[in-house]
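Below is one structure, written out as structure tokens; comments come after it.
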Amino acid sequence: MGIAALPLADFEAALLGTDRVAAGRILEAVCALEQPLVAVEGLVAPVLERIGAGWERGEVALAQVYMSGLICEELVEEVLPASKHRRINSPRVALAVLDDYHMLGKRLVHSVLRAAGYEVLDCGRVEPEELIERVIAEQVDVVMLSVLMLPAALRVREVVLALPQHVRVAVGGAPFRLDPELYREVGADAMGRTASDALSILRSFAELAA
Ligand code: B12
């Protein structure tokens, strides 16, 4: 199934109508033809973005955005795979949502990393101070941050400045996609546009360290 053939409009209608069953059926049907991650990135992420844009234009209620996010979180939990195997010699990777409540991007990045065999320290939703303490205490090598609000994106700088120099920081989420230079401005080492980018980022960090 080509991306163009994905039932974006039907999935959007199901979410806006809070019809979890219909949304689940649509996602399941796409998962039968595509890898679950491809389905989630091709269907769930763009439709949530469209719903967000509808909210900005005043055509969609915040409650609908909220319920759509919630339904998608549950559906994604069901379709994405659990860890396959553990990698030996993999870097210690920590993953967190910085200072806001948009959790779905982190969930996707977590699945991608686990499916590829990386062991991930999931810090959940954290303030910079707590994250810095954990990263240092757990001797983390790479920090992956999912950030959807601009004020939180600007706080990435606090994290970068407080971490030991060898720790690499990668970021992703709406503010970074809107302004592709922002990650450099806040001092991060890399930016991912999709959850799958987490893997190429880890590879590039490993090459730099070699
Ligand atoms: C769903 C949603 C919500 C839901 C969240 C539900 C949940 N449990 O997650 C709810 C309703 C709770 C919500 C609340 C709010 N939201 Co909101 N929300 C969204 C929306 C529509 C979609 C976000 C989403 O889940 N997308 C799907 C996921 C899968 O995409 P993603 O997170 O971008 O992740 C993908 C990539 O970015 C990448 N990625 C993400 N992180 C990382 C990290 C790494 C390391 C890598 C490699 C890749 C990567 O991988 C993912 C997939 O490939 C966005 C619109 C948008 N354009 O993003 C607005 C948006 C993020 N929200 C916004 C706002 C303003 C709010 C509220 C303040 C609204 C309000 N007035 O109350 C609150 C604030 C809550 C808070 N303090 O955190 C703004 C942020 C503006 C800004 N830049 O500051 C946005 C951009 C909407 C807009 N255009 O105005 N929201």
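A few points about this structure:
- The residues listed here are Gly52, Gly69, Gly42; of these, the one that is of a type in the set (Gly, Ala, Ser), open to solvent by less than 40 Å² (accessible area, probe 1.4 Å), at pLDDT below 90 and more than 6 Å from the ligand (Cβ to nearest atom) is Gly42.
- Subset of segment 14-39 [away from the ligand (no atom under 16 Å from the Cβ), part of a helix (DSSP H, G or I) and either more than 22 Å from the chain's Cα centre (by Cα) or of a type in the set (Lys, Arg) (or both)]: Val21, Ala22, Arg25, Ala29, Ala32, Leu33
- Sub-7 Å Cβ pairs linking a first residue in segment 117-140 that is closer than 12 Å to Val167 by Cβ to a second residue that is among the basic types (Lys, Arg), at least 6 apart or interchain, are Glu138/Arg92; Gln139/Arg92; Val140/Arg92, ordered by first then second residue.
- Residues that are β-branched (Val, Ile, Thr) and either under 15 Å from Leu150 (Cβ atoms) or open to solvent by less than 10 Å² (accessible area, probe 1.4 Å) (or both) within segment 173-198 comprise just one, Val186.
Listed here are the residues, each with its yes/no results for (1) of a type outside the set (Phe, Trp, Tyr); (2) in a helix (DSSP H, G or I); (3) near the ligand (Cβ under 7 Å from one of its atoms).
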residue: Glu158; (1), (2), (3): yes, yes, no
residue: His166; (1), (2), (3): yes, no, no
residue: Val169; (1), (2), (3): yes, no, no
residue: Arg177; (1), (2), (3): yes, yes, yes
residue: Arg184; (1), (2), (3): yes, yes, no
residue: Ala195; (1), (2), (3): yes, no, yes
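- Where helices (runs of 4 or more DSSP H) fall wholly inside segment 98-154, the ranges with 1 or more residues that are open to solvent by 20 Å² or more (accessible area, probe 1.4 Å) and near the ligand (Cβ under 10 Å from one of its atoms) are 104-115, 150-154.
The values are calculated or read from the model by the stated rules, or taken from the named source; none is laboratory data. Just so we're clear, the structure is a prediction, and the values are computed from it rather than from any experiment. Every residue, glycine among them, receives a Cβ derived from its backbone with ideal geometry; neighbour counts consider all protein chains shown. In case anyone asks, the SASA skips ligands and DNA or RNA and just uses the protein heavy atoms, side chains included. Shrake-Rupley method; radii C 1.70, N 1.55, O 1.52, S 1.80 Å.
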